[in-house]
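Take a look at the structure below.
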Amino acid sequence: MDIKNMPALRIGALQADIPIVQGGMGVGVSLSNLASAVANAGGIGVIATPGIGQFEPDYDLNPKEANRRALRKEIRKAKAKTKGLIGVNVMVALSNFDDLVQCSVDEGADMLFLGAGLPLGLPDTLPLDRLGELPTKFVPIVSSGRAAQLVFRAWQKRYNHVPDAVVVEGPLAGGHLGFRKEQIDNPDYKLEKILPEVIAAVKPFETEFNKNIPIIAAGGIYTGADIYKYMELGAQGVQMATRFVATHECDASIDFKELYLNCKKEDIIIINSPVGLPGRAIRNDFLERVSSGIRETFKCHWKCLKSCDFKNVPYCIARALTNAKKGNLEDGFAFAGANAYRVDKIISVKELIETLVAEYQEVVMKRSSEALMATEKI
């Protein structure tokens, strides 16, 4: 694969030959199989932690240990399949956030992507006075320059250290969104608008700590041309999730993947998640049922999300997403990015990466040709 026109993504001492991060997708949509395939193709593969222990036989009896055990297994399986970079996505909103962060560091995850809430603090079990010495790199996910600034100031004050990179996620992303409903379609919150704001917010910390802190653009990025566009705006990499669902290596069931293949633009909707955030998902009978006011019967074995009012919510989102991953879409639903309706076939991760690189190179060649023509006119 010719990648000479696509710059590498460097995060500290780590380097991905392709500046593409595969977004973490839970529950169980991106595990070791998908993450290792992306890493082998030159990108950064990411294991999602939400509900990861639900596939362990003792999850209902001992959920915290089941989550730790499952995460250890997936990191080890991924690292056994690749010499590339493996990251772990941990939602700040998870009740066992500290456990999962520590487990990821112990297992040698190359980087941690921390989203669904601002990671203003880290587990006390980490060597907080020596974060820079850890091989694991820390990458918060934010939706504004102000959020980035809050995280960086908190780490500066508490640890005399700042994150190693930042993902800035716009409102076209799938899953839970870091925006209010009225902001999602507001042009002031488009990725093109918030990306430069995050770059500007992080710049002073780069200077103060004498380190390059790459900004990774996310949310609605679908083609190689999109990658070129955001890197021209100052991003040093991109995060993509939706495209990786329709790959042979994705850890979700074929029924889950076919939901992407068969959906139309109007099927992609914004829902009110039980955890109090808007989310982007594919409309189906389950979502129609719960939106009509019907409450699903479920038993909460433990409060996996800090903000979940499990006694009053209409359904258990962890269970619904687990059902969908398994292919039981009567009792679950799929999160998806705004461009999911454009997916028309299932391909390999290798083929997807090659397509994105070719599309990127096509734009590079077009821009070079235009620049040459402009020079000749002068």
Among the candidates A334, A281, A318, A358, single out the residue that is modelled with pLDDT of 80 or more, in the same structural domain as G53 (by TED's automatic domain parsing) and either small (G, A, S) or surrounded by fewer than 16 Cβ atoms within 10 Å (Cβ to Cβ) (or both). A358
Answer yes or no: is there a residue in the stretch 204-213 that is touching a strand residue (DSSP E or B) at 6+ places or on another chain (Cβ under 7 Å), modelled with pLDDT under 95 and either within 30 Å of A334 (Cα to Cα) or assigned to a loop (DSSP other than H, G, I, E, B) (or both). no
Looking for whichever is surrounded by fewer than 19 Cβ atoms within 10 Å (Cβ to Cβ) and in contact with a Phe, Trp or Tyr (Cβ under 8 Å, 6 or more places away or on another chain) here; the options are L122, L128, L191, L195. Which one fits? L128
Pairs with Cβ under 9 Å, 6+ apart, first in the stretch 70-81 and among the acidic types (D, E), second part of a helix (DSSP H, G or I): E74/S32; E74/A35; E74/I52
Considering R72, R76, R68, which residue is in a helix (DSSP H, G or I) and at pLDDT below 95? R68
Picking from N62, N89, N33, the residue that is closer than 24 Å to G332 by Cα, crowded, with 24+ Cβ neighbours inside 10 Å and not aliphatic (A, V, I, L, M) would be N89
Here's a check for you: in the stretch 81-116, which residue that is assigned to a loop (DSSP other than H, G, I, E, B) and touching a Ser or Thr at 6+ places or on another chain (Cβ under 8 Å) is farthest from A241 (Cα to Cα)? G108
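Considering only the stretch 314-327, state which residues are closer than 21 Å to G293 by Cα and outside any helix (DSSP H, G or I). Give the derivation first.
First pass over the stretch 314-327, keeping only residues closer than 21 Å to G293 by Cα: 314-321, 323-324.
Selection gives P314, Y315, C316.
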Which one of the conditions (1) over 17 Å from the mean Cα position of the chain (by Cα); (2) closer than 25 Å to F335 by Cβ; (3) assigned to a loop (DSSP other than H, G, I, E, B); (4) touching a residue at least 24 places away in the same chain (Cβ under 8 Å) does V151 fail to meet, given that it meets all the rest? (3)
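What do you reckon, is Y260 hydroxyl-bearing (S, T, Y) and surrounded by fewer than 23 Cβ atoms within 10 Å (Cβ to Cβ)?
No, not satisfied.
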Hey, does the stretch 10-20 have a residue that's within 13 Å of the chain's Cα centre (by Cα) and either surrounded by fewer than 24 Cβ atoms within 10 Å (Cβ to Cβ) or in contact (Cβ under 8 Å) with a residue 60 or more places away in the chain (or both)? yes
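How many residues does the stretch 233-259 contain that are assigned to a helix (DSSP H, G or I), in contact with a helix residue (DSSP H, G or I) (Cβ under 9 Å, 6 or more places away or on another chain) and of a type outside the set (A, V, I, L, M, F, W, C)? Break it down stepwise before answering.
Let us first name the residues in the stretch 233-259 that are assigned to a helix (DSSP H, G or I), namely 242-245, 254-259.
Imposing the further condition that a residue be in contact with a helix residue (DSSP H, G or I) (Cβ under 9 Å, 6 or more places away or on another chain) reduces the set to 242-245, 255-257, 259.
With of a type outside the set (A, V, I, L, M, F, W, C) added as a condition, the list becomes 242-243, 255, 257.
Count: 4.
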Testing V167 on (1) in a loop (DSSP other than H, G, I, E, B); (2) in contact with a strand residue (DSSP E or B) (Cβ under 7 Å, 6 or more places away or on another chain), one condition comes back false. Which one is that? (1)
Taking only pairs six or more apart or across chains, which ones have beta-carbon atoms under 8 Å, a first residue in the stretch 192-204 that is free of Cβ contacts under 8 Å to residues at least 12 places away in the same chain, and a second residue that is of a type outside the set (V, I, T)? K193/P187
Of the candidates P57, P119, the one satisfying the condition of being assigned by TED's automatic domain parsing to the domain that holds A13, at pLDDT below 95, more than 20 Å from the chain's Cα centre (by Cα) and not in a helix (DSSP H, G or I) is P57
Verdict on V139 being outside any helix (DSSP H, G or I) and in contact with a strand residue (DSSP E or B) (Cβ under 7 Å, 6 or more places away or on another chain): yes
Would you please list the contacts, defined by Cβ atoms under 9 Å and residues six or more apart or on different chains, that run from a residue in the stretch 318-343 that is over 16 Å from G279 (Cα atoms) and of a type in the set (F, W, Y) to a residue that is in a loop (DSSP other than H, G, I, E, B) and at pLDDT 95 or above? Y341/C263; Y341/K264
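The values are calculated or read from the model by the stated rules, or taken from the named source; none is laboratory data. Being a predicted model, the structure only gives us computed values, none of them experimental. We place every Cβ from the backbone using ideal geometry, glycine too, and count neighbours over all the protein chains shown.
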